[in-house]
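The values are calculated or read from the model by the stated rules, or taken from the named source; none is laboratory data. Bear in mind the structure is a predicted one, so any value in this text is a computation, not a measurement. Note: ideal-geometry Cβ built from the backbone for every residue, glycine included; neighbour counts use all protein chains shown.
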């Protein structure tokens, strides 16, 4: 089917009281494995490009690849630009075909974050593009004091005010998750999430999904998280699989065997991860 708007996927997730899962990717292999994994389990998936990955794949090629592969499957596939705080880069990604973008002003003071995000929403709306905002600080998983600091968490009052002022299609919130490898098992503040969800009708997003215990994710999905981002796990697995293959006898027979080997195992990972999303 054709590419689906991310906002439509999240609205459907909200109806089902679950979360769609979004995967950062950076080449044909990681994109293909994700989309075919979603097709295998008949669940939607959202493909994301992190701006710093544009040295590996340009936004235009990324967008065209996702759109082309989406036509070959029967499940909804979304296309999204991940964390971006550069207004011009966001506009460029929209021109290159992205149908959803993230305006990340989370490091700015509240009013400046509102102003920046609102300006992105104003421009994106002209092209029918969805905008995800972020409020609160989703820090580094390598720094315990960073992701365990409740002073940087999103408050229900701020979430409601931010969503109303900006008109974002979705909102990433800080409730105890972080980006990267956790040095300590995270503990999501589910009660805070429940209060945020009650304060705003905007679909909520959880970043820093790699390494969060499954039972916490299930609870988050039932309390307002409609988009769940995965990146670090997927990237590390891709690197490990290539290392495993080239350290095996199969590599001596044919180095080109790395493609089906990595693809098969990446797809298995995607299928397993998508089990978290209840879509039946």
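Summary of values
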quantity: Residue in the stretch 139-174 that is modelled with the lowest pLDDT, counting only those that are more than 21 Å from residue 14 (Cα to Cα), in contact with a helix residue (DSSP H, G or I) (Cβ under 6 Å, 6 or more places away or on another chain) and surrounded by fewer than 19 Cβ atoms within 10 Å (Cβ to Cβ); calculated: 140
quantity: Filter pass, residue 262 being under 18 Å from residue 38 (Cα atoms), in contact with a helix residue (DSSP H, G or I) (Cβ under 7 Å, 6 or more places away or on another chain) and either surrounded by fewer than 19 Cβ atoms within 10 Å (Cβ to Cβ) or in contact (Cβ under 8 Å) with a residue 12 or more places away in the chain (or both); calculated: yes
quantity: When residues of the stretch 84-126 are limited to those that are assigned to a strand (DSSP E or B) and in contact with a helix residue (DSSP H, G or I) (Cβ under 6 Å, 6 or more places away or on another chain), the one surrounded by the fewest Cβ atoms within 10 Å (Cβ to Cβ); calculated: 84
quantity: Residue in the stretch 179-191 that is more than 23 Å from residue 86 (Cα to Cα), surrounded by fewer than 17 Cβ atoms within 10 Å (Cβ to Cβ), at pLDDT 90 or above and out of contact with any helix residue (DSSP H, G or I) (no Cβ under 6 Å at 6 or more places or on another chain) present; calculated: yes
quantity: Pairs with Cβ under 6 Å, 6+ apart, first in the stretch 36-64 and free of Cβ contacts under 8 Å to residues at least 24 places away in the same chain and at negative phi, second surrounded by 19 or more Cβ atoms within 10 Å (Cβ to Cβ) and not in a helix (DSSP H, G or I); calculated: none
quantity: Among (1) modelled with pLDDT of 95 or more; (2) part of a helix (DSSP H, G or I); (3) closer than 30 Å to residue 167 by Cα - the single one residue 264 does not satisfy; calculated: (3)
quantity: Total residues in the stretch 196-216, condition buried (at least 16 other Cβ atoms within 10 Å of the Cβ) and closer than 25 Å to residue 103 by Cβ; calculated: 14
quantity: Sole residue being at pLDDT 95 or above, assigned to a helix (DSSP H, G or I) and either more than 19 Å from residue 235 (Cα to Cα) or touching a helix residue (DSSP H, G or I) at 6+ places or on another chain (Cβ under 7 Å) (or both), chosen from 3, 69, 81, 47; calculated: 69
quantity: Candidates 245, 228 - the one that is buried (at least 20 other Cβ atoms within 10 Å of the Cβ) and either in contact with a helix residue (DSSP H, G or I) (Cβ under 9 Å, 6 or more places away or on another chain) or farther than 25 Å from residue 173 by Cβ (or both); calculated: 228
quantity: Exclusive hit being modelled with pLDDT of 95 or more, in a loop (DSSP other than H, G, I, E, B) and out of contact with any helix residue (DSSP H, G or I) (no Cβ under 6 Å at 6 or more places or on another chain), set 9, 57; calculated: 57
quantity: Subset of the stretch 25-44 (residues that are over 14 Å from residue 259 (Cα atoms) and not in a helix (DSSP H, G or I)); calculated: 25, 26, 42, 43, 44
